[in-house]
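Read through the structure below, which is laid out as structure tokens, and then see the notes.
The values are calculated or read from the model by the stated rules, or taken from the named source; none is laboratory data. All values reported here derive from a predicted model rather than from experimental measurement. Neighbour counts are summed over all protein chains in view; Cβ atoms, including those assigned to glycine, are modelled from backbone coordinates with ideal geometry. Side chains included, ligands, DNA and RNA excluded: accessible areas come from the protein's heavy atoms. Shrake-Rupley method; radii C 1.70, N 1.55, O 1.52, S 1.80 Å.
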Amino acid sequence: MTYRVKLFILLIALVVIGNGILAAACYRRCKVLMQAEIHRKARSIAATTAALLNPIVVGAIRQRADESRPEYEQLLAQLRKVRNLNRRNDVWTDSIFTLVSAPQNPQVVEYGADAEERFEYAHYPGDVYTRNGGPVRIGLGGVNHLSESLQSFQAGYLSSFAPVLDHSGAIVALVGVTLTPAPHSTLRNLGPAMVAPFAISLILAIFLTPILAHGVTRPLYTLRQSIEKLGKGNFDAGCIISRRTTGEFAEMAVAIKTLAAGLRERDLIKRAFSGYISRQVMDAITAKGDLSALNGQRRHITVLFSDIRGFTTLAEGMLPEAVVALLGEYFERMCDVVLRHQGTIDKFLGDGMMVIFGAPLDDPYQEEHAVGAAIEMQRELAKLTKVWEAKGRPLVRMGIGINSGAAVVGNIGSDQRMEYTAIGDTVNLASRLESASKELGFDIVVSEHTYQAVRPLFGWKFAGEVSVRGRIEPVRAYAVEGRSENPAIVYQ
């Protein structure tokens, strides 16, 4: 489907949807206004009727036996007269009645007089007034309580109630009025009024869409060619469009030229530095568009050293090609684990590697990521040794040392050879812990600093103390024994 066809369909859809939303909004607003007007009329009829009725006559009708009294006939005649006078084209009174408190239970509301003649719909004195299938209760105080809660007693916009007051101002009864919307509702006349503008908008859209699509498609085709060239790595190709093109398309052409310049600069950075920095560092540089991420700075990091134990002896009995293949397979697994835990691969050290967590980007969970990576590295090595064992290769083990603290991180070296790395006592201690892991008899050994940062997250065991060159006091070391959902327990 071409862009022109899509644009045609989109415009037609917008016209239909826009007119539909407008019609729905108009209908909703008219409905609200009409309901408010109907309720206003219901209130007016109820209030007028309540003012016309004799409170003594109304209050006298309370039970079925009162139907034989002349006051009852008088009251019915008044109610029916009001009802019939208010059955017009603009308003239709469906029912009008009086409500009083039940003599046995003043909290229950009962019918007094009902103007309805139809037997199946009529109510008689003493019938309980119900709503939603149950009797209406108005609380202590009987009908008089309605003077405080009459608003909540209303039953929808078609009904309204007004109090009948005696000479002292006390509520004797209520007059209830229920209306029915007029047969010829105003809402029914809105349909024809909305069809004409809808048809005009649709016809204009059908005729104007091809013209608009033609004007839009031509510069878009040129812009697409320019973007395709950028995608193929031709950052020197400009975006050439007609001089008559103005507005958004001209601005888009300028933006594409700026984009090409930025991509050219990033491509130069990648080519210049991709040979000696990790993928995370490269992503940080390209995201910021400058080299500030590589500047040397002191920051808190976590350093991980790993090493295959006895690899030198192992390599002496293998062909060089086999050694390279083994290391390639080993580092492939380990690097995947490190990158999944947001680590930066600093360097490979023969059969070992140095990893930084918390640089070049800050990582508030760097200690957890480092220990988690170490655990998963050991698991991956276990899987790998099973594969090697099936191929007749010897089993290997790996030692890991982790330490957290301040270090200088950034570009270190000369103009001829630079390296993004970390230096400092934090790095040296991590390397020493890795070397001491074999002596301590554990595969993963961490320092006191790392241990305190993630103590609740893993299971631990005190590994011993490690003497470090340049330090008087030995360093306490801990061995991680996997993740734990309970607070860490250290076994001395």
Taking only the alpha-carbon atoms of segment 53-98, the convex hull volume per residue, in cubic angstrom, is 69
Applying the gyration tensor rule to the Cα atoms of segment 298-446 (axes a ≥ b ≥ c; rounded if a/c under 1.5, else prolate if a/b exceeds b/c, else oblate), the class is prolate
Could the peptides 419-428, 355-364, 84-93 be put in order, highest first, of the mean number of other beta-carbon atoms found within 10 Å of their residues? 355-364, 419-428, 84-93
Segment 373-437 pair-distance distribution - Cα-Cα, 5 Å bins, rounded %: 4, 15, 15, 15, 15, 13, 11, 9, 4, 0
Just want the answer: with Cβ charges of +1 for Lys and Arg and -1 for Asp and Glu, which residue in ALA51, GLN35, GLN63 is farthest toward the dipole's positive end in segment 25-71? GLN35
Accessible area, 1.4 Å probe, largest first: how do HIS300, HIS39, HIS167, HIS123 sort? HIS167, HIS300, HIS123, HIS39
Looking at segment 330-397, which trypsin sites (Lys or Arg not before Pro) are in a loop (DSSP not H, G, I, E or B) and have at most 12 other Cβ atoms within 10 Å? LYS391
Leaving ligands and nucleic acids out of the surface, order GLU73, GLU67, GLU251 by accessible area at 1.4 Å, largest first. GLU251, GLU73, GLU67
Considering only MET398, LEU440, ILE423, whose Cα is most displaced toward the positive end of the charge dipole of segment 380-492, charges sitting on Cβ of Lys, Arg (+1) and Asp, Glu (-1)? MET398
Under a 1.4 Å probe, counting only protein heavy atoms, PHE207 has an accessible area in Å², nearest 10, of 150
My understanding is that a pair violates if its Cα-Cα distance is over 28 Å; which of LYS257/LYS347; LYS41/LYS81; LYS347/LYS383 do that in this structure? LYS257/LYS347
Peptide ranges 429-439, 458-468 listed from the most packed, as the mean C-beta count within 10 angstrom indicates: 429-439, 458-468
